[in-house]
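Chemist: There's a structure below that I have some questions on.
What follows draws every value from the coordinates through simple rules; no lab data is involved. As the structure is a computational prediction, the values presented were derived from the model and not from experiment. All Cβ positions, even for glycine, are placed from backbone atoms using ideal geometry, and neighbour counts span all protein chains on display.
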There are 2 protein chains.
Amino acid sequence: MYKPKLEKDIRCPLEYGLEIFGGKWKSRIICVLAEKKTLRYSVLRGEMSNITDAVLAATLKELLADGIVFRQQFNEIPPHVEYSLTDKGKSVVPILQSICQWAGIYHHENTECSLPQCQKCDYHSKK
Amino acid sequence: MYKPKLEKDIRCPLEYGLEIFGGKWKSRIICVLAEKKTLRYSVLRGEMSNITDAVLAATLKELLADGIVFRQQFNEIPPHVEYSLTDKGKSVVPILQSICQWAGIYHHENTECSLPQCQKCDYHSKK
DNA sequence: CCGCATCCCTTTGGATACTG
DNA sequence: CAGTATCCAAAGGGATGCGG
């Protein structure tokens, strides 16, 4: 039985912001796109181990709706789709950087990302 | 029936950070404590409309475990408990500030917090 | 006064199979 | 290639009532 989504609480800007990039895969997708600039769907999925299509597609949809990513469809043979960050999307990267820096100070046990696909977090400390 | 928590994924610093203050009430609690410095449990609850004891207590426990808040118990008559931010907790406030600023730019529909208890978000723009 | 126990509902994330 | 459909599991959040 389908149940319509309940009216969301009115949220302050802070909570709005956390909604945008606070999801389980969202920050990771933003990081990857920030580093690689433009990626096809299948390549993007390859960069994120263990994510399934259902989840990746749903997450990209949200990011698209929130204006974080840009989606370009190529109706060639074979067809493909490319994703990249919008300006809005790019503007969150410094915030993710600062979170990563902060966490690096306190999260001693695992300062280096141990997930290969998460080496993209290195983006935050590079340069 | 009690079910043990599954082993958490290994997370990069960024995701660790989002875990700390990304929960539904966490940022709000941090904001309130950042402004009021020290609050009794009951007063803190009063500052957050609609939160229930079960949720507030659980959230405070997490923040305590993560070293964000400090808990001082007074075994007087009547007994009470006071919560305040640790140094680690205080150090996340600038990050919340930057998120709030960023969101203010893009979240035009609701730039001003419309929840009274969330006027604490003004903390981020004050001064 | 503070906060836990219990039970329940909603939301989110995921596995598998399948399609334009 | 780039997803959707379906079904399901787990976690988060919440209401109520009790206990130190």
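Chemist: Can you give the average number of partner chain beta-carbon atoms within 10 Å of each beta-carbon in peptide B:20-30, as a whole number?
Modeler: 3
Chemist: Highest mean first, what order results for B:70-80, B:36-46 on Cβ atoms within 10 Å?
Modeler: Descending packing order for the listed peptides: B:36-46, B:70-80.
Chemist: Quick one: which residues, 5+ away or cross-chain, put their amide H under 5 Å from the amide H of A:His80? H built at 1.01 Å from N.
Modeler: Amide H to amide H, under 5 Å and 5 or more residues apart or across chains, A:His80 pairs with A:Phe74.
Chemist: Under a point spin-label approximation (7 Å from Cα along Cα-to-Cβ), what is the B:Leu56-A:Lys24 distance to one decimal in nm?
Modeler: 3.1 nm
Chemist: Now for a separate question. Beyond a 27 Å Cα-Cα separation, which of these cross-linked pairs lie in this structure: A:Lys88/B:Lys26; A:Lys26/B:Lys37; A:Lys61/B:Lys90; B:Lys36/B:Lys88?
Modeler: Violating the 27 Å limit, Cα to Cα: A:Lys26/B:Lys37; A:Lys61/B:Lys90.
Chemist: Taking every residue in B:82-92, how many Cβ atoms of other protein chains lie within 10 Å of its Cβ, on average?
Modeler: That average works out to 1.
Chemist: Determine, from the Cβ-Cβ distance of B:Thr86 and B:Ser42 and an R0 of 30 Å, the FRET efficiency 1/(1 + (r/R0)^6), rounded to the nearest 0.05.
Modeler: Taking R0 as 30 Å, the efficiency between B:Thr86 and B:Ser42 is 0.90.
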